[in-house]
Amino acid sequence: MLKVAIGHSSDPDSLEAVKEVIQQCQSTLADQTPQAGLLFAAIDFDHHLILQQINEAFPKIELIGGTTDGEISSVLEFQQDSLTLMLFCADDIEFRASIGRNVSQNPEAIARQAVETAKHRLTLPIQLCITVPESLTTSTVSILQGLKAALGTIPIFGGAAADQWQYKRTYQFFNTEVLSDAVPVLLVAGKLFFSYGVAGGWRPIGKRSLITKVNKNIIYEIDGKPALDFYHYYLNNSAPDAVYPLAVFPPGQEQFFLRGSVGHDLERGSITVSGDIPEHSVVQITDASIDDVVMASQTASTEAWAKYPGQAPDAAIFFSCAWRRHILGTRANEEYQAIAHSSKQVITGCGFYTYGEIAPLSDTGQTFFHNTTFVTLLIGSQ
């Protein structure tokens, strides 16, 4: 049986916030001892103090997490500058955390080793991996490639750590450590049921075109012409940005992930997007209304509920893009409200606004790095 506890505090004082969060979790857990946890925190907290307090309250907990661009929970809904903690207790489910440090030195190898370290401590079959990796010092896609190399077809979920649009330094959490340039992972094994939904709200428009020249996250040519020409054709010479992301269909995939533009080069005609793109991918420009963006959270959650293989999930974990929060502005809270109003039942949940989301494209598909997307992961023991 899986039991999940949530704590969420908007108190600006680090000590008071973590005390409130711990007290909320202890009230739910009663005398049960949690095995693992996820911590999502605003950038300005004293993270060392927070991790020490959590470790004192719950010794030997397998904990990962990271800094955010906003936090979500079933306790306080959407918040900024807050702290939220999710704890897990179960007799027949194993949780094992590990960390890859200095990941920019060799993203794929270090991420792969982090998974292998956690795998060696498991005795039950792995069901899924949760990660909150670095987003500024190296390619998150390269980190994901390393995770996939170690996990094979096992699905990976998570979001890249954020720093509230400062783009200076993000932090990752592992047990009592506060790190940067790291990839924390939490492997979940045993009798776990889960399902997920992925939606952005943007719909592809226009013809499908082929990326003919790309280097990681810089697109030079689409259909043999400068990438900017492709954007200008649809957007009347407007500068590309994340409001009109690209729908990217990787080779061999019928579903797409989104890539938002973060810059361009007029002389070269190139576009820089917030994540590497596979060579020979097919792309389309996309469009969406604000209502479409809001309702994507409901779409993702409805999809997850429809696919849940057990009787009822025990918890939900959410990953939403910082670009979505930026585009939605004062309507950001409507993302969670759309979920709450559409769910079959009130469910314990938390999550954060990320610098990119991690989830599979389909039940049998590969895990990919997404932009401007909402991901719902439902988990349970029955």
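The values are calculated or read from the model by the stated rules, or taken from the named source; none is laboratory data. Computed from a predicted structure; not experimentally measured. All Cβ positions, glycine included, derive from the backbone under ideal geometry; neighbour counts span all protein chains shown.
Quick notes on this one:
- From the options D287, D292, D363, residue that is of a type in the set (D, E, K, R), in contact with a strand residue (DSSP E or B) (Cβ under 9 Å, 6 or more places away or on another chain) and modelled with pLDDT of 95 or more: D292
- Out of K148, K225, one residue alone is surrounded by fewer than 19 Cβ atoms within 10 Å (Cβ to Cβ) and among the basic types (K, R). It is K225.
- Single residue of I43, I50, I61 found to be in contact (Cβ under 8 Å) with a residue 12 or more places away in the chain, within 20 Å of T176 (Cβ to Cβ) and touching a Pro at 6+ places or on another chain (Cβ under 8 Å): I61
- D292 falls short of the stated requirement of being under 30 Å from D241 (Cα atoms) and assigned to a loop (DSSP other than H, G, I, E, B).
- Taking the criterion of being β-branched (V, I, T) and under 22 Å from Q26 (Cα atoms), the residues of the range 36-69 that qualify are I50, I54, I61, I64.
- Taking the range 255-300 as the range and being of a type in the set (A, V, I, L, M) and farther than 24 Å from Y336 by Cα as the test, the residues that pass are V262, L266, I271, V273, I277, V282, V283, I285.
- 3 or more residues under 30 Å from H326 (Cα atoms) and of a type in the set (F, W, Y): qualifying strands (runs of 3 or more DSSP E) within the range 1-116: none
- L136 being in a strand (DSSP E or B) and in contact (Cβ under 8 Å) with a residue 40 or more places away in the chain: no
- Scanning the range 66-111 for residues that are on the phi > 0 side of the Ramachandran plot and in contact with a helix residue (DSSP H, G or I) (Cβ under 8 Å, 6 or more places away or on another chain), we see that the one that is surrounded by the most Cβ atoms within 10 Å (Cβ to Cβ) is G70.
- Taken together, S74, S104, S98 contain a single residue that is within 15 Å of V185 (Cα to Cα) and among the hydroxyl-bearing types (S, T, Y), which is S98.
- Any chance I6 is in contact with a Cys (Cβ under 7 Å, 6 or more places away or on another chain), buried (at least 24 other Cβ atoms within 10 Å of the Cβ), at pLDDT 95 or above and in the same structural domain as W323 (by TED's automatic domain parsing): no
- Unique match (being in contact (Cβ under 8 Å) with a residue 24 or more places away in the chain, surrounded by fewer than 18 Cβ atoms within 10 Å (Cβ to Cβ), in the same structural domain as S14 (by TED's automatic domain parsing) and closer than 23 Å to L147 by Cα) among T117, T123: T123
- Check on I271, part of a loop (DSSP other than H, G, I, E, B), of a type outside the set (D, E, K, R) and in contact (Cβ under 8 Å) with a residue 24 or more places away in the chain: no
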